[in-house]
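Everything below concerns the one structure shown next.
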Amino acid sequence: MPKDGRGMYIAMPPDSERGLDEPPRPTRVPTRGNTKRGMVVEAGAVGESRRPSTDKWRRFLCGSAVLALAALLISAFVAPYGHVSRHRPQDASSLWSIWDIFGWHPGQDKPKKPHGNHSTGHNGTNKSSKNSSSGGHDVKNDTENGTNEPVTPTGSAEGEAESERQDQGGSSTNNGTAEGTTTKPSMTTSDSANPDKDNSNHGESGHSESRTHLKNGVPICSNQKACLEIIDEMLETHPRCPVGLLQTRAGSLGGGPCGDRCNISENHTRCDTYDNALAAIYLTKRKKYAQAKNILDVFISLLYPYDPTIVDRIFKYTSTASGRAITLLASAYSTQAKAYPGDYSGKGLAEDSVDTGNNAWAALAFAHYAAHTEAPCYATVARDIVLALNQSSRCTDSQGGFTGRMQPTTINYRATEHNIDLVGVARMLNFEEVMNHAKLFTMRMYKHSGVNADAYTMGAVTCFADDLRDDEQPVPADAIYWNLLADADDNFDHMRHALEFALSDSPQPVPLAPLDVSAACCLPGSEWSCCADNSCCSPGKRMPCCLKKLGNTGPPSRGLWEEDVDLVWRGPGLPRLNGTRFTSGGHGVQFEVTAGAGMAILRYKQKYGKPLSDFFSRRLQSVRDSLRHLLGMYGGVPASVLGGNFKAFAERDFFAEFPGGSDTGIHFTYLRYRHIASTMWTGLFLLYQEEDDQPIWEDANPFMPPSKPMPTDVDRSCFPWLHGVTPVLAT
């Protein structure tokens, strides 16, 4: 309202001066005497309260507002209950968003906490944590329970409200995980008509398509795009160790309700070289080059010492393509402290061994990245690693191949898997002689007779002249699947028989004698390792090894295929998941090698140009479904879904509900943690082929050369000392 020069309100003109269509307008007058400040009065009648015309309009406006509000409330409450399935009505999106503001929908018992994933622990208690092991992905409902009601995390139709939606570009997991957590279903989707299609409602505006739905009552990621986005988000939020590498495992998915035999620690100590190399390869194939480069640059900082003169000569190698001295990568780095090149005894290490296989995988990661990004420096690093392995681990007897470990470890053995790794990277970098030397050993490990005939032995033979292989060792799954992916043995009959061996049903397991738990040095998960003379050792200490008390009463070796039921899962349905054991001496599905099995079946079809038999086709579909279920359930792939902890594993009771994870058969077990290697192999498998009728993308095979050419120039531009540090040349 305008004021005059004295600061007094200016009276408005009387009714006679207003238009006939205009409502009466109030006038403010000077606030003095008994007139209250701001009182509304009739124009020209100071001190008198004006009521007739203004009160009429006020009542009219208030009444209209009340009617509008009543209509809004009736619509908001009636519309949701008018739908049997209690999902978000299509014609009430604007009204529904009103309740979204308050974190509650009509029909819910309690308001939702905004920005929190509802989770359920293995003990049945609800937890709300941003560190949700489910990954926070929407799960659509199906009608397999005989109703159109949403399926709740416990499998009953309680009409739980829809969970908060996750935008496809957003992050749904965080560092660590809550035990046994799961998301609540958000929309009703029937999978009975088309069991493997995402029947999301595309008519809803403002919300991204759900990444998961239910198949056979269990969450499953809907398609290749949705599955890969879940994996991408897991990597973005996965915890790292001080040196900058990804932790091998994160959080806990719960071990089950069996007390101290099921409690699983959420403290992790390892950042494995192999797992991080796999992650770098996956990220490269996803064109997430900056993230892949971050991992590879950490490797570079651990490979090349600033001053090689201070590194023990037994740890450094000088015949390199770059002309720089190089030290090889340790097997695993610590979550407690940083590590440095050539130092294998500090607190920055979780395992001080130096393996041929782990370093070959790092070289594979450098080579893939170099080809995809046309970065010759990273190809130079890959060549340096292979040349160092050729110097340090080459065997010269008639069996060929390379030893599994170098200094500072004194164990002398050859592993089939490590030589397969070298076949892949040597082919990629055109080191033909190295490739053939590794292939020779791999082919000689094929077993023509015995209980494990038609498969490949683990190796475990020394580098001494013509030492015989150890046929009593269990058959490792990766010696079959990776062998086929890397073309390490070109014999068709060998590969066909070996693949049939691996994918055959596993025999019923036979319990082992319990481990001697008093010999704590050998308990899985400890920082001790078993030496060649059957003792356990760490720096400065030696003691008897409990493992030599084990009898040869383990599970029969032939056939690796098994089915595990996830009894710890607290979400909808009862997940039955298929895959293969880690070795023929193990028990329980291990999903890292299971994803490799899926890729091996596809490689078999691609390489030999033969249609898959019904047997292979069924196995392939089971692998694909199981891995997609795990992504939909947990937002990542655990190595195992079997409950129990290391204490349960030590009891060797394979018939227990919670046996202590998936036993590898080589004195270690995988527990219920989201696992980098298992998730990365799953990602590569999904990239390799989306569905049966889709083409195979050979670039996703980590053992095969990329489609782009490998750079050949010697380049040191990515080396750390070029940033203000003067290098010391190799001597």
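Here the accessible area of segment 298-439 is 45 percent carbon and sulfur, with a 1.4 angstrom probe and all protein chains present.
Is any residue of segment 279-303 close enough, with backbone N under 17 Å, to a label point placed 7 angstrom from the Cα of K225 along the Cα-Cβ axis, and if so, which? Correct set: 286-287. Between the listed residues I295, T212, S334, the Cα displaced farthest toward the positive end of the dipole of segment 197-346, a dipole computed from Cβ unit charges relative to the Cα centre, is found at I295.
Mind checking the per residue accessible area of segment 304-359 for me, 1.4 Å probe, whole number of Å²?
On the way: 2240 Å² over 56 residues.
Averaged over the residues of segment 304-359, the accessible area is 40 Å².
For a quick protection proxy, order the peptides 649-661, 341-353 by their average other-Cβ count within 10 Å, most packed first.
On the way: 649-661: 20.7, 341-353: 18.6.
Ranked from most to least packed, the peptides come out as 649-661, 341-353.
Descending by average beta-carbon neighbour count within 10 Å, the peptides 307-314, 388-395 line up as 388-395, 307-314, the highest first. Students often get this wrong: which residues of segment 565-603 have the backbone nitrogen under 18 Å from the point 7 angstrom along Cα-to-C-beta of I411? Counting backbone N atoms under 18 Å from the label point, the list is 582-586.
Compute the accessible area per residue over segment 656-727, keeping the other protein chains in place, probe 1.4 Å, unit Å². All intermediate terms of the calculation are to be shown ahead of the outcome.
Working: 2780 Å² over 72 residues.
With the other protein chains kept in place, segment 656-727 gives 39 Å² per residue.
What translational diffusion coefficient, in µm²/s and rounded to a whole number, does the Stokes-Einstein relation yield for segment 235-298 at 20 °C and a viscosity of 1.002 mPa s, taking the hydrodynamic radius as the Kirkwood radius over Cα pairs?
Values: Rh = 13.1 Å.
Diffusion coefficient, whole number: 163 µm²/s.
Basic side chains Lys and Arg get +1 at the Cβ, acidic Asp and Glu get -1 at the Cβ, and with that the dipole of segment 330-398 about its Cα centre reaches some 120 debye.
Quickly rank 565-574, 635-644 as a protection proxy: mean count of other C-beta atoms within 10 Å, highest first.
On the way: 565-574: 21.6, 635-644: 29.3.
Ranked from most to least packed, the peptides come out as 635-644, 565-574.
With each label modelled as a point 7 angstrom along the Cα→C-beta vector, the S504-L61 pair spans 8.7 nm.
The values are calculated or read from the model by the stated rules, or taken from the named source; none is laboratory data. Remember, predicted model here, so these are calculated numbers, not experimental data. FYI the Cβ positions are ideal-geometry reconstructions off the backbone, even for glycines, and counts take in every protein chain you see. Ligands, DNA and RNA are stripped out before the accessible areas are found, and what is left, the full protein with its side chains, is counted by its heavy atoms. Shrake-Rupley method; radii C 1.70, N 1.55, O 1.52, S 1.80 Å.
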